[in-house]
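Written below as structure tokens is the structure these notes are about.
The values are calculated or read from the model by the stated rules, or taken from the named source; none is laboratory data. All figures in this text were calculated on a predicted structure; none of them were measured in a lab. Glycine also receives a Cβ, built like all others from the backbone with ideal geometry; neighbour counts cover every protein chain displayed.
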Amino acid sequence: MIAASPPPVTTLPLASIKAGYNPRRYFDSRKYDELVASLRLRGMLQPILVRPANETGDGYLIVAGGRRYRAALEAFGPEGEVPVIIREMTDQEALEAAIDENDVRDDASETEQADAAVRVLAACQDDHAEAAHRLGWSKTKLDRRLALAGLCEPVKHALDERRIKLGHAELLAAVPADKQEKALETILASGLDVGKTRDLLMRVTQDLAHAIFDKSECLACPFNSAAQRALFETHIEDGHCTNAGCFELKTQTAETIRFEQEECAERTARSAQITAGTGICGEQDEEDIDDTHTDAGGDEDRGVDDDNGDHGGDSFHLPEEHGVSSADCGKRAAPVAASDTATGKPDTPKSTVTARSIAIRTKELREATWRTVLARALAANPARAQTTILVAAMSGTLPQIKVETLRGRAGLLVGASFPDLDFSEKIAEIQALSEAQAATVLSAIGAAYAKDVASFDHVADLARVFAVDLRDAWHVDKTFLERYSKEELRFIARECGLIAHIGEKAFAKLLGHKKTDLIAGMLHALGFEWAGRLPSAMTLDGAYGPPIAHAVAPASEGSITDLAA
């Protein structure tokens, strides 16, 4: 048997060689300097593998030997010549060869392998089995490296430079990317080992056992600690969610649904009592009465409130229990007599849709949305947060912040060891905070107050003073409209200007369709923009909020006129 002859070696000037794809992200500076010195002393002993640059037809691209190429440029300059092996290769063959050459190095970085795995998987049309085969990896190794590909760049560089261990990176891979850099800063500043990092992350996770929402989506979620356990040796305990933002959003949604279900059950019970002639006043479910009723020119269409449109001045004060005040009870129609029913009159009184009646059904959503928006505004502005904290402290409402809201985040906000310090040590730790860190802590306390303070009036007052605009974070959408009956949708369409835009007849035609089609028609009306329109049910003062007009220059004048809404 004849042995295969070694590939021919030739020399090329460095100026004719260009860098190709190189999985390497990090070069050890000490070893790199040693390589430059060695090249100057002995020359290049191991040739670089290159291929013709087919796309340009000019020069050669490096397949393997990128570090030697960089060091040779420093040692010899672009006119220096180095030994090379020239081989015809496709892009895919070159990619796999470069990955394989780097994979066998002793100092290969896991993040370099992760980025390479992403490229190979894309070349394999997302076929994991084929990608693992081409890389010569097990499927488990491929999955682990792909999970690390989602790390933010600062974490990747920290692992490349061995400032953190693989265990740190595996733990951070289960944290949302926008939170990883802050966690990395805490790890590095406090010198946390992998075990303490795991303990710290456990404090800021959410226990899925206590979740009130449907957890079916969580089974395949990468932020479920069970998924992390399946991938990595380093992981937190099973049954925890590491994405606090998603957990909170799902919880709020579940609470809103529960509230609406309870409210619907109460309305049904009250309607039944009215029908039975008990005389108990309350709101009726509009969809159970007459979804397609239109009353051109009536108070219902014009959105006139049944107490002359007074929504409570500057603050949107909702009615008493179940949205009915003692004064409203006297205005309700009495139960219809049996003789009225015999003559064909309805056996239940028709409730008028008003801004107040819609606001009652929207109370939970309105308050939760404003709390979230205010919390974000305070989190982004330490000065506002400080004002909030001082007012809360002086008014005695600061203790309403839930204990675990801040205690659970103290490790990230101040330092990983902070929760375990005694009180005097905590004082010293706070005193040592930089101005920026102290501002971050203040912002977090202000945001927590916005979420936890018992009285929504406090939230509303703060939002007004700080000119917080709900338009920045909320808009009318399908989910919002689906909660209302057709008559309520007509009220919203009128106050938001949709009916004026498309005309009474066009909207009456829409109203005759199924509710799903009505909502679709409202949201996609030609030439109508919902952006910036706040239904009265979502505002703080119970008055419709039109879009904010921008300043424009009148055609007859050179000055700019402010058209603030």
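Computed quantities for the displayed model
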item	result
Within the range 100-133, tally of residues that are more than 33 Å from the chain's Cα centre (by Cα) and at pLDDT 80 or above	2
Some residue of the range 408-418 being in contact (Cβ under 8 Å) with a residue 60 or more places away in the chain, surrounded by fewer than 18 Cβ atoms within 10 Å (Cβ to Cβ) and in a helix (DSSP H, G or I)	no
Residue match in the range 497-505 (condition: part of a loop (DSSP other than H, G, I, E, B) and closer than 28 Å to ASP472 by Cα)	yes
Inter-residue pairs, beta-carbon under 7 Å, first surrounded by 15 or more Cβ atoms within 10 Å (Cβ to Cβ) and in the range 463-480, second at pLDDT below 85, 6+ apart	none
Selection count where residues are out of contact with any His (no Cβ under 8 Å at 6 or more places or on another chain) and of a type in the set (Val, Ile, Thr), scope the range 167-190	2
Residue that is at pLDDT below 90 and within 22 Å of TYR544 (Cβ to Cβ), where the choices are ASP422, ASP472, ASP461	ASP472
The one condition in (1) modelled with pLDDT under 85; (2) buried (at least 19 other Cβ atoms within 10 Å of the Cβ); (3) not charged (D, E, K, R) that TYR21 fails to fulfil	(2)
Every residue from the range 250-275 that is under 39 Å from the mean Cα position of the chain (by Cα) and among the basic types (Lys, Arg)	LYS250, ARG258, ARG267
Odd one out for SER16 among (1) surrounded by 18 or more Cβ atoms within 10 Å (Cβ to Cβ); (2) small (Gly, Ala, Ser); (3) modelled with pLDDT of 80 or more	(1)
The range 215-247, subset in a helix (DSSP H, G or I) and at pLDDT 80 or above, residue farthest from VAL175 (Cα to Cα)	CYS218
Out of ALA132, ALA158, ALA123, sole residue that is within 24 Å of ALA97 (Cα to Cα), buried (at least 18 other Cβ atoms within 10 Å of the Cβ) and either in contact with a helix residue (DSSP H, G or I) (Cβ under 6 Å, 6 or more places away or on another chain) or of a type in the set (A, V, I, L, M) (or both)	ALA132
Qualifying positions in the range 166-184 - under 17 Å from LYS141 (Cα atoms) and either surrounded by fewer than 23 Cβ atoms within 10 Å (Cβ to Cβ) or without any contact (Cβ under 8 Å) to a residue 40 or more places away in the chain (or both)	LEU166, GLY167
Sole exception among (1) modelled with pLDDT of 80 or more; (2) in a loop (DSSP other than H, G, I, E, B) for ILE2, by number	(1)
Leading residue by the ranking (farthest from the chain's Cα centre (by Cα)) among those in the range 157-192 that are more than 15 Å from GLU112 (Cα to Cα) and of a type in the set (D, E, K, R)	ARG163
Subset of the range 261-288 (residues that are modelled with pLDDT of 50 or more, closer than 17 Å to GLU488 by Cα and not in a helix (DSSP H, G or I))	none
Selected residue (only one of ASP457, ASP422, ASP452 is without any contact (Cβ under 8 Å) to a residue 60 or more places away in the chain and over 25 Å from the mean Cα position of the chain (by Cα))	ASP422
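Residue-wise test of (1) under 24 Å from the mean Cα position of the chain (by Cα); (2) at pLDDT below 90.
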{"residue": "GLU435", "(1), (2)": "no, yes"}
{"residue": "THR440", "(1), (2)": "yes, yes"}
{"residue": "VAL465", "(1), (2)": "no, no"}
{"residue": "VAL476", "(1), (2)": "yes, no"}
{"residue": "ILE492", "(1), (2)": "no, no"}
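So that you can scan it fast, the table gives a plain yes or no per residue for (1) closer than 21 Å to HIS240 by Cα; (2) modelled with pLDDT of 80 or more; (3) among the hydrophobic types (A, V, I, L, M, F, W, C):
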| site | (1), (2), (3) |
| --- | --- |
| LEU148 | yes, yes, yes |
| PRO154 | no, yes, no |
| ILE164 | no, yes, yes |
| HIS168 | yes, yes, no |
| LEU171 | yes, yes, yes |
| PRO176 | yes, yes, no |
| LEU192 | no, yes, yes |
